[in-house]
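Peer 1: My questions all concern the structure below.
The values are calculated or read from the model by the stated rules, or taken from the named source; none is laboratory data. What you are looking at is a predicted structure, and each value in this text was computed from that prediction instead of being measured. Don't worry about glycine lacking a Cβ; one is built from the backbone with ideal geometry, like all the others, and counts go over all protein chains shown. Just the protein is used for accessible areas: all its heavy atoms, side chains included, with ligands, DNA and RNA removed. Shrake-Rupley method; radii C 1.70, N 1.55, O 1.52, S 1.80 Å.
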Amino acid sequence: MKRLPLLCSFILFILLCASVTYWVLQWTAPATRALQVRAPSEPTLPDIAAAAQLFGGASAAATITPLQLSGIIYASKASERVAIIATEAKPARALRLHAEVVPGVTIHQINQRSVIISEPSGQRELPLPALSTPQQPSVPTASEPAKTSAPR
């Protein structure tokens, strides 16, 4: 019981220090600014290509290089086959098997009507464009009279 007044004095001193500290911090703190609240906007969906890249895939839109197969020289030996490939605005080049078309893109296989290329995103097949037959001018036959325009 002798120490009860001493313990009460110590607790009151701690409360006094806490109160003084609180009020000093309140008086010396800078004034708070009003926050500008923006109108809520529509939530945007995450980019699928970024998610695919995160999980080890590759975005098809980002990795497709514009290549056009112009022709194929097909031989019985695979090492003698040649593919004629044009890239973007550059002229067509004749390339053999395992040659690099553009950096990171190589010829994997040359078939009779297509070429399979290897890209960082996987393999892709370039088909040979269909042959277009030139239209021949119509020649009138002996049974059809020739159409002539009358002079005016």
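Peer 1: 7 Å from Cα along Cα→Cβ at both Thr32 and Asp47: what's the point-to-point distance in nm?
Peer 2: About 3.8 nm, to one decimal.
Peer 1: 7 Å from Cα along Cα→Cβ at both Leu128 and Tyr22: what's the point-to-point distance in nm?
Peer 2: Each label point is offset 7 Å from its Cα along the Cβ direction, giving 8.9 nm.
Peer 1: Cα centroid distance between segment 6-42 and segment 66-80, in Å?
Peer 2: Each part reduced to its Cα centre gives a spacing of 79 Å.
Peer 1: Here's a follow-up. If DNA, RNA and ligands are ignored and the probe is 1.4 Å, what is the ranking of Thr87, Thr21, Thr28 by accessible area, most exposed first?
Peer 2: Thr28, Thr21, Thr87
Peer 1: Ordered by packing density, taken as the mean number of other Cβ atoms within 10 Å over each peptide's residues, highest first, how do 8-17, 92-101 rank?
Peer 2: Most protected by this proxy first, the peptides run 92-101, 8-17.
Peer 1: Compute the semi-axes of the equivalent ellipsoid of segment 1-107, taking the square root of 5 times each eigenvalue of the Cα gyration tensor, and list them largest first in whole Å.
Peer 2: Values: eigenvalues 1307, 91, 31 Å².
The equivalent ellipsoid of segment 1-107 has semi-axes of 81, 21, 12 Å.
Peer 1: Could you report segment 1-111's accessible area per residue, 1.4 Å probe, as an integer in Å²?
Peer 2: Value returned for segment 1-111: 86 Å² of accessible area per residue.
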